[in-house]
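The block underneath contains the structure these notes are about, expressed in structure tokens.
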There are 4 protein chains.
Amino acid sequence: MAKLGFLGLGIMGYPMARNLLKAGHEVALWSHTAEKARSLAAEGKATVCGTPKQVAEASDFVFYCVGDSAMSRQVALGQDGLIEGARPGTIVADCSTIAPDTAVDIHEAFKKKGVEFLDAPCTGSKPGAEGGTLTFMVGGDQAVFEKARPYFEAMGKVFFYCGGPGMGLNAKLVQNLVLANIMQAFNEGMVLATKAGIRPELMLDVLNNSAAKSGLISFKAPYVLDRNFGTNFSTKWMYKDIGMALDNGKRVGVPLPVTAVTSQIFQAAVSRGLGEDDFCSTIKVLEEISGVEVKKS
Amino acid sequence: MAKLGFLGLGIMGYPMARNLLKAGHEVALWSHTAEKARSLAAEGKATVCGTPKQVAEASDFVFYCVGDSAMSRQVALGQDGLIEGARPGTIVADCSTIAPDTAVDIHEAFKKKGVEFLDAPCTGSKPGAEGGTLTFMVGGDQAVFEKARPYFEAMGKVFFYCGGPGMGLNAKLVQNLVLANIMQAFNEGMVLATKAGIRPELMLDVLNNSAAKSGLISFKAPYVLDRNFGTNFSTKWMYKDIGMALDNGKRVGVPLPVTAVTSQIFQAAVSRGLGEDDFCSTIKVLEEISGVEVKKS
Amino acid sequence: MAKLGFLGLGIMGYPMARNLLKAGHEVALWSHTAEKARSLAAEGKATVCGTPKQVAEASDFVFYCVGDSAMSRQVALGQDGLIEGARPGTIVADCSTIAPDTAVDIHEAFKKKGVEFLDAPCTGSKPGAEGGTLTFMVGGDQAVFEKARPYFEAMGKVFFYCGGPGMGLNAKLVQNLVLANIMQAFNEGMVLATKAGIRPELMLDVLNNSAAKSGLISFKAPYVLDRNFGTNFSTKWMYKDIGMALDNGKRVGVPLPVTAVTSQIFQAAVSRGLGEDDFCSTIKVLEEISGVEVKKS
Amino acid sequence: MAKLGFLGLGIMGYPMARNLLKAGHEVALWSHTAEKARSLAAEGKATVCGTPKQVAEASDFVFYCVGDSAMSRQVALGQDGLIEGARPGTIVADCSTIAPDTAVDIHEAFKKKGVEFLDAPCTGSKPGAEGGTLTFMVGGDQAVFEKARPYFEAMGKVFFYCGGPGMGLNAKLVQNLVLANIMQAFNEGMVLATKAGIRPELMLDVLNNSAAKSGLISFKAPYVLDRNFGTNFSTKWMYKDIGMALDNGKRVGVPLPVTAVTSQIFQAAVSRGLGEDDFCSTIKVLEEISGVEVKKS
């Protein structure tokens, strides 16, 4: 059986790594917070490592899930990073949502040492990570992905092979771009309806009975109407992802005018202290300006 | 059995009026294009009138479906308009999508003569009008709506009573605001994905497997990928409706920043000659600037 | 000497009419608030009329200055309006800022009776109106304008003949579009600078020493830094004018994406209760969201 | 007399370094293109160096002017960079327009070695660089700036000391943010006026006679009307600077909605191949969509 490694045991990474352990794999763990690694290690055939490098030395396949491009670059290519411990043939998969060009850089740095790299961002939030039902969008060499697929299958259910290095991230960022804009479409529509005197529940029924019905609105609207802005996916992370989508537009040459404005509304939400709340809390920016609340009557 | 009237036999009005006839009702017809009225009259218990006024004289319930606020005001309150023929107790329902404040004006003008008025815009496009499966959003007096409901039921399947005068229109405009913005979200995402090198079919699969899945995208995306921009709902009408939604934001005091930008992209589409095409053709604005086409490979 | 008329004695109209009186002209006056007309009449060779119609009957040249398109249409074409009293050859000049297509409508209605009409919006604010130093942008027949010019010269110093009916207004709306956007450019720049830690006075010096130096910024910045938002030109009027500029873009087929967003920021300002303040108060929208004030240290 | 160094002999750097030579200073030169250094060295008391490090070894004061944040970091902190040759007390001034946080990084890296650093971006374009009339916005220690001022005075005429590390850049980016938005305000206004039928020269006269008169419009408008888009400051550089201003908004927490849209119009211009043209060529984006040209009649 292959030896696995996992780095980054946050909200997503912890349950993802646990699913690898549950599937019976031997997993070398590393986390910025060593305690988390020790705690998880107690649950299965795991060893705790002191550095990413040590994880790479101990593993044939390494998965990781960290917060942003800089952290990804650090665990992959920094001091005591994976690159120092990986051998030709080692497969490394970054499940974080980072900038595609950072992923390409990492891919190229690994390639020089014969290490294989996949960008493999995922969706499904915490419940998907816990239930092993994530969706992965994968960029890199397809044959490499097929070798790693059995281990991905312990963590997810749907897999899209999207193309060469960075293409998994390109797909993920487009998905989040569309989601952020649908959120803002909902925000504008619901604040307008409410201020115009329509009960929010009724307006929601109208939307859900139309072509505007969407997974996002069905999922988020009840939270908004209940004024429950606890986080499934925070404003600050969504804001970060839109920023990377805009950078992507710049890189490939596509203007994104509506996304740019949505991004500034999300910035306004962050400026108003909503960064840690769920991104459906962005509706508060318009509510506050308009003097109205979209809540259950 | 009540005597009905119907004015405006366009793409929507013609099949709506035909469904009233099919249901066995006696219908007085008037159309700007008299030929249409004569053609339809041949299909059932219909009479052709020379003016809206004559329709009102002959009817207990009058429905109409015209192009914009000015036309609605004209058939209702203009010379030889409904108001000249209607009696106290006549019920008039405007199924057009017009400005809510125009509807309120018409409502008030009718009220002075004891005539009841409902704003009752609908969705479902041509297929919904033909199949009698439209959704109606109704503003006005609820008891009045209940009296008219049996006749609405020959034309639609779902009914939302939204509140007093203009509230049906408020709901309808919010719905179209959300739809237009989802369309533009799709446009930006798909052009970005395609230029970044992702096959459009794949990107669509990714979206449809996520919370971004929505009725609008499922319906429109195949047309876009097939480069089939024949009209279900034209860019110019959607652009008109967004404009009224923005006017509504002005009236009630809600800023709509993303909708405002979507509106300008739709304006760009109209300027580029796409006004008569389906509103999914708005994607061509970004495609042309970006030098890429979102089409099936 | 020609007999003049003047309608609408508001902030602009009052001093404009007074300048006609001061120049020794005989002026028939009408104001919605009769008191204003009586008060002004005491200052010169003026008579007070009970209706616009009476002013037209008494005058060879009629000037007026009212609040919006609806009011302009009312005094020109409404009951007891100018059209009822004007004779072939009478020259009517509307100095209000209204929609160009309303001006074209009025022009055409007058033309049928042989009455000449000019759209002649002006700039220069209250001080310009008082000092007789306004700038006029004139649309209509050039020969007609030349006949009226001597009377305009009692009210203004600079005259731009812009073309046929509505063209004076087209020019005026473009001017205000540019001004509103420069205001918002200033707002965004100054809030960013201040939050980044640059003293507002210093940032202003930098701007004023660069190509960004402009009449608007030089005029408005001291008010902002002194937190003095008393009105020279109110947010609500500027917001109205941007709205007409956007409608103009729709009419002639030009997308105006930045103007559309500026318009929504101004809407936000109006929603926050800043409609009656000077339009430089729009900076408060960003200040409030960003938690910073652009004020003298 | 102090020994000076200058790195980066591009459109701006070459005439700036030449002005140091003309003032009689001894200057150590380095350029990515060695030929430029040799050519300039022939004009005065200059030596040509093989690396930034060698320049630092030979100089008490080092100035440089390069293209972007990455290049600045490279010449300052990279292999054979200034940091390897500088001694405690050496003063290094970066005259490039780069990201403020990059400048802060460089400042901190130098500080550890006792080297003083100033961020000192400038404006005035090529003519300002050639004539020695640039304006500098300076961040860093004020006493350090005063020591370097005599040499700056050979290159510029106006100096704004803006505060600690990065503050010169913050001021510069705000200035360019305001300029870019004024450019787009002009673009939207002039395309609207022209399509509405006003001669561009006339519209320009109207603007120049109003509070919209600004240095930028006075400077750029004649080029636009003459359809002369040769570069004074290219679209791609302005686009880069707006991007850094937006990043700055993100860093300090200020939403910049209008700037965000202007940025996307500039992106559209770059996508349409206007990156190397002067940034007044951005007007072509709207012109092309609207089917009209703002040119002298």
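The values are calculated or read from the model by the stated rules, or taken from the named source; none is laboratory data. Because the structure is a prediction, the values reported are computed rather than measured. Heads up, the Cβs are rebuilt from the backbone with ideal geometry, glycines too, and the neighbour counts pull from every protein chain shown.
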Would you check if there is a residue in the stretch A:207-222 being farther than 21 Å from residue B:137 by Cβ and more than 11 Å from chain B (Cβ to nearest Cβ)? yes
Evaluate the following for residue A:213: is it without any contact (Cβ under 8 Å) to a residue 24 or more places away in the chain, among the charged types (D, E, K, R) and in contact with a helix residue (DSSP H, G or I) (Cβ under 6 Å, 6 or more places away or on another chain)? yes
Considering only the stretch D:33-60, how many residues are within 14 Å of residue D:16 (Cα to Cα) and of a type outside the set (Asp, Glu)? 6
Which condition breaks for residue B:144 when tested against (1) surrounded by fewer than 24 Cβ atoms within 10 Å (Cβ to Cβ); (2) within 23 Å of residue B:40 (Cα to Cα)? (2)
Check on residue D:293, touching a helix residue (DSSP H, G or I) at 6+ places or on another chain (Cβ under 6 Å) and not hydrophobic (A, V, I, L, M, F, W, C): yes
Check whether at least one residue in the stretch A:212-233 is of a type in the set (Gly, Ala, Ser) and within 22 Å of residue B:283 (Cα to Cα), and report yes or no. yes
Run residue C:297 past the list (1) surrounded by fewer than 24 Cβ atoms within 10 Å (Cβ to Cβ); (2) farther than 23 Å from residue D:100 by Cβ; (3) away from chain D (no Cβ under 12 Å) and report the number of the one that doesn't hold. (2)
Suppose the filter is of a type outside the set (Phe, Trp, Tyr) and closer than 24 Å to residue B:244 by Cβ; does residue B:102 pass it? yes
If you scan the stretch A:120-137, which residues turn out to be in contact (Cβ under 8 Å) with a residue 40 or more places away in the chain and crowded, with 18+ Cβ neighbours inside 10 Å? A:120, A:121, A:122, A:123, A:129, A:132, A:134, A:136
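Per-residue answers, yes or no, for (1) in contact with a strand residue (DSSP E or B) (Cβ under 6 Å, 6 or more places away or on another chain); (2) among the small types (Gly, Ala, Ser); (3) buried (at least 18 other Cβ atoms within 10 Å of the Cβ):
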{"site": "D:61", "(1), (2), (3)": "yes, no, yes"}
{"site": "D:72", "(1), (2), (3)": "yes, yes, yes"}
{"site": "D:84", "(1), (2), (3)": "no, no, no"}
{"site": "D:89", "(1), (2), (3)": "no, yes, no"}
{"site": "D:92", "(1), (2), (3)": "yes, no, yes"}
{"site": "D:99", "(1), (2), (3)": "no, yes, yes"}
{"site": "D:107", "(1), (2), (3)": "yes, no, yes"}
{"site": "D:111", "(1), (2), (3)": "no, no, no"}
Flag if residue A:31 is among the small types (Gly, Ala, Ser) and in contact with an Asp or Glu (Cβ under 9 Å, 6 or more places away or on another chain): no
Considering only the stretch D:107-126, how many residues are within 25 Å of residue D:15 (Cα to Cα) and either part of a helix (DSSP H, G or I) or modelled with pLDDT under 95 (or both)? 4
Exception for residue C:189 within (1) surrounded by 22 or more Cβ atoms within 10 Å (Cβ to Cβ); (2) of a type outside the set (A, V, I, L, M, F, W, C); (3) in contact (Cβ under 8 Å) with a residue 40 or more places away in the chain falls at (3)
Within the stretch D:16-45, track down each residue that is crowded, with 16+ Cβ neighbours inside 10 Å and more than 19 Å from residue D:91 (Cβ to Cβ). D:18, D:31, D:36, D:37, D:40, D:41, D:44
Residue satisfying all of: in the stretch D:249-290; more than 14 Å from chain A (Cβ to nearest Cβ) and in contact (Cβ under 8 Å) with a residue 60 or more places away in the chain; surrounded by the fewest Cβ atoms within 10 Å (Cβ to Cβ) among these: D:287
Taking only the stretch B:222-248 into account, find how many residues are among the small types (Gly, Ala, Ser) and surrounded by 22 or more Cβ atoms within 10 Å (Cβ to Cβ). 1
Search result, residues across the stretch C:41-70 that are hydrophobic (A, V, I, L, M, F, W, C), touching a residue at least 12 places away in the same chain (Cβ under 8 Å) and over 9 Å from residue C:6 (Cβ atoms): C:41, C:48, C:49, C:56, C:58, C:61, C:66
Sole exception among (1) crowded, with 22+ Cβ neighbours inside 10 Å; (2) closer than 30 Å to residue B:281 by Cα for residue B:165, by number: (2)
Lone qualifier among D:148, D:129, D:154, D:143 - being more than 8 Å from every other protein chain (Cβ to nearest Cβ), under 27 Å from residue D:106 (Cα atoms) and outside any helix (DSSP H, G or I): D:154
Quick check: anything in the stretch D:173-194 among the hydrophobic types (A, V, I, L, M, F, W, C) and away from every other protein chain (no Cβ under 11 Å)? no
When you check residue A:72 against the structure, is it out of contact with any His (no Cβ under 7 Å at 6 or more places or on another chain) and either in a loop (DSSP other than H, G, I, E, B) or over 18 Å from residue A:247 (Cα atoms) (or both), yes or no? no
Is there a residue in the stretch A:256-266 that is modelled with pLDDT of 95 or more, farther than 18 Å from residue C:290 by Cβ and outside any helix (DSSP H, G or I)? yes
